[in-house]
Amino acid sequence: MNYYIHQVNLMRHLMGEPYKVTYAEKTGVLLAVQGDSGVAGVIEMTPYRTTVDWQESALVAFEKGYITIRLPAPLASNRPGEVEVYEDPGDGATPTRWSPALGWVHAMRQQAINFVKVCKGELAPPCQAAEAVEDLKVARDYIRMRGANK
C-alpha cells in the first residue's frame, strides 16, 4: 500500500470527500471505495506491467463527460502530465474533447521547493496531518479486507 498512498490521497481529493473501503481484491490489484455521499471509486494497482514506459492515470467520470489525468514518471525531469476533458452537452449537440497546455515542471523539484516554502512558513501545507491519517486508515482497511478475501 505504501506505493499507492498517493493514489489513495488523490482519490479523496478528486472525490472531494472522505470515503471507505468497500472491497479489496485478494491479489491486491483492485480497491473499491464509496464516498460519504455514495459516490463509488476504484483504484487499480498495477493491473498490467510495462517494461519501457510509465503508465499512471486517473479517470473522473460524470454523467455527461469525463476528465482523464495522465501522470509522468515520478523522476522524469521537466515532463508535464496531461489532462483531457470530454464534455457531451447532450440533446444531439457535438461532444467536445480538449487538453490544456501544461507547463514543463519537474514534479519532484517542485515538491521540494514547496516543502521548503512550507517549512519557512511561506506556503500552507497542501495536505494536513488529519488528511494523512485518513489515508492511513484507508490503507489499514484495505490491508485487513484484502487479508480476509484470501
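Go through the residues of region 18-33 one by one and say whether even a single one is at pLDDT 90 or above and more than 19 Å from the chain's Cα centre (by Cα).
no
Among what's in region 93-144 and is in a helix (DSSP H, G or I) and more than 21 Å from the chain's Cα centre (by Cα), pick the residue that is farthest from Ala76 (Cα to Cα).
This residue is Arg144.
Condition check: within 19 Å of Val33 (Cα to Cα) and open to solvent by 70 Å² or more (accessible area, probe 1.4 Å). Does Arg109 satisfy that?
Judged against the criteria, Arg109 is not a match.
Would you confirm whether any residue within region 67-79 is touching a strand residue (DSSP E or B) at 6+ places or on another chain (Cβ under 9 Å), small (Gly, Ala, Ser) and without any contact (Cβ under 8 Å) to a residue 40 or more places away in the chain?
no
For (1) of a type in the set (A, V, I, L, M, F, W, C); (2) touching a residue at least 40 places away in the same chain (Cβ under 8 Å); (3) touching a Pro at 6+ places or on another chain (Cβ under 9 Å), each residue gets a yes or a no:
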position	(1), (2), (3)
Val8	yes, yes, no
Ala40	yes, no, no
Val52	yes, no, no
Glu87	no, no, yes
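Test Thr51 against the criterion of being of a type outside the set (A, V, I, L, M, F, W, C) and closer than 29 Å to Lys20 by Cβ, and give yes or no.
The answer is no for Thr51.
The values are calculated or read from the model by the stated rules, or taken from the named source; none is laboratory data. Values in this document were obtained by computation on a predicted structure and should not be read as measured data. Cβ sites come from the backbone with ideal geometry, for glycine too, and all protein chains shown count toward neighbours. The accessibility values were calculated without ligands, DNA or RNA, using every heavy atom of the protein model including side chains. Shrake-Rupley method; radii C 1.70, N 1.55, O 1.52, S 1.80 Å.
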